[in-house]
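A.B. asks: Have a look at the structure that comes next, please.
The values are calculated or read from the model by the stated rules, or taken from the named source; none is laboratory data. None of the values given here were measured: they were computed from a predicted structure. So basically every Cβ, Gly included, is an ideal-geometry build from the backbone, and we count neighbours across all protein chains shown.
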Amino acid sequence: MDNLGIGTRIKHSTYGQGIICRIGVEYISVSFFEGGLREIERTDTDIEIIEAIEPQSNMVSFDEVENILYRLLTRHSDTSEVVEIGDRWRGGLLVLEPKDENLQVKEIPIDTFFHKIVMVRDRLRVLEQNINSNKTLMDDEKVHLQQYITRIYGSLTTFNVLFKHKEDQFKGEGKR
């Protein structure tokens with residue numbers, strides 16, 4: 001099954017005749033004339049090759065495209081993994097009370113504040129990735145910028161008390 005390309009005609013003992021329409025790492029998708037589209041393991045021994053089509057060497061598999069797309073979306077989007085606030089803070093309130101009693105007290109739901117802290121962390125991670133993958137920056141410039149980011153993480157460790165899981169917390173110098 002290793003040297004088969006899209007368009008190869010096969011016969012399966014259960015599903016009948018069909019044509020391979022997608023080739024993945026572990027599975028192939030076959031459009032069967034009588035049974036519709038099915039995914040079959042590449043190692044399935046119930047497959048008989050009727051007419052083999054050689055794979056094109058310059059083609060990229062669907063799985064490769066999927067992996068590339070996932071990496072790009074993860075690197076360049078504002079979407080982030082779910083990070084949980086500590087149970088003791090959930091539903092709490094952050095109160096900012098000015099020294100001047102004539103000024104109004106500001107109340108912020110702690111969940112809203114926590115979400116903003118997580119967004120800062122995620123944007124710093126994207127910035128790190130952009131620095132590391134930048135083709136025009138010299139290595140010493142990348143190191144210099146990374147040191148600033150590490151110091152920023154260190155400044156934000158004060159907010160680690162809000163995170164439910166230790167692995168989600170900020171880590172400064174010496175803790176990375």
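A.B. asks: Under 9 Å between Cβ atoms, which residue pairs at least 6 apart in sequence (or on different chains) link something in region 123-147 that is within 16 Å of LEU72 (Cβ to Cβ) with a partner that is among the small types (Gly, Ala, Ser) and surrounded by fewer than 11 Cβ atoms within 10 Å (Cβ to Cβ)?
C.D. replies: Between residues of region 123-147 that are within 16 Å of LEU72 (Cβ to Cβ) and residues that are among the small types (Gly, Ala, Ser) and surrounded by fewer than 11 Cβ atoms within 10 Å (Cβ to Cβ), the close pairs are VAL126/SER77.
A.B. asks: Let me ask another. Answer yes if at least one residue in region 42-55 is of a type in the set (D, E, K, R), at pLDDT 75 or above and assigned by TED's automatic domain parsing to the domain that holds VAL120, and no otherwise. Step through it out loud before you land on a result.
C.D. replies: We begin by selecting, within region 42-55, every residue of a type in the set (D, E, K, R); these are 42, 44, 46, 48, 51, 54.
Narrowing the set further to residues that are at pLDDT 75 or above leaves 42, 44, 46, 48, 51, 54.
Right, trim to assigned by TED's automatic domain parsing to the domain that holds VAL120 and you get none.
Checked region 42-55: no residue is of a type in the set (D, E, K, R), at pLDDT 75 or above and assigned by TED's automatic domain parsing to the domain that holds VAL120.
A.B. asks: Going through region 26-40 one residue at a time, which ones are within 10 Å of GLY16 (Cβ to Cβ) and among the small types (Gly, Ala, Ser)?
C.D. replies: Residue satisfying the conditions is GLY35 alone.
A.B. asks: Kindly provide the set of residues from region 4-19 that are in contact (Cβ under 8 Å) with a residue 24 or more places away in the chain and assigned to a strand (DSSP E or B), ordered by number.
C.D. replies: If the condition is that a residue be in contact (Cβ under 8 Å) with a residue 24 or more places away in the chain and assigned to a strand (DSSP E or B), then ARG9, ILE10, LYS11, HIS12, GLN17 are the ones that fit.
A.B. asks: A further question follows. In contact with a helix residue (DSSP H, G or I) (Cβ under 9 Å, 6 or more places away or on another chain), surrounded by fewer than 11 Cβ atoms within 10 Å (Cβ to Cβ), assigned to a loop (DSSP other than H, G, I, E, B) and on the phi > 0 side of the Ramachandran plot - does that describe any residue in region 80-89?
C.D. replies: Keep residues of region 80-89 that are in contact with a helix residue (DSSP H, G or I) (Cβ under 9 Å, 6 or more places away or on another chain), which gives 80-81, 83-86, 89.
Those left that are additionally surrounded by fewer than 11 Cβ atoms within 10 Å (Cβ to Cβ): 81.
From what is left, the residues that are assigned to a loop (DSSP other than H, G, I, E, B) are 81.
Applying the additional criterion that residues be on the phi > 0 side of the Ramachandran plot yields none.
Within region 80-89 (the criterion being in contact with a helix residue (DSSP H, G or I) (Cβ under 9 Å, 6 or more places away or on another chain), surrounded by fewer than 11 Cβ atoms within 10 Å (Cβ to Cβ), assigned to a loop (DSSP other than H, G, I, E, B) and on the phi > 0 side of the Ramachandran plot), the answer is no, since none of the residues qualifies.
A.B. asks: Only one residue in LEU124, LEU94 is at pLDDT 90 or above and either in a strand (DSSP E or B) or within 19 Å of GLY154 (Cβ to Cβ) (or both), so which one is that?
C.D. replies: Working: LEU124 fails: at pLDDT 90 or above.
It is LEU94.
A.B. asks: Based on what the data block shows, is THR74 at pLDDT 85 or above and at negative phi?
C.D. replies: Details: at pLDDT 85 or above: no; at negative phi: yes.
Spelling it out, it is not the case that THR74 is at pLDDT 85 or above and at negative phi.
A.B. asks: Quickly run through region 120-176 and pick out the residues that are out of contact with any Lys or Arg (no Cβ under 6 Å at 6 or more places or on another chain) and among the β-branched types (Val, Ile, Thr).
C.D. replies: Scanning region 120-176 gives VAL120, VAL126, THR136, VAL143, ILE149, THR150, ILE152, THR157, THR158, VAL161.
A.B. asks: Residues of region 20-39 being in a strand (DSSP E or B) and under 16 Å from ASN3 (Cα atoms), which ones?
C.D. replies: Just the residues of region 20-39 that are in a strand (DSSP E or B), to begin with: 20-23, 27-32, 36-39.
Scanning region 20-39 gives ILE20, CYS21, ARG22, ILE23, TYR27, ILE28, SER29, VAL30.
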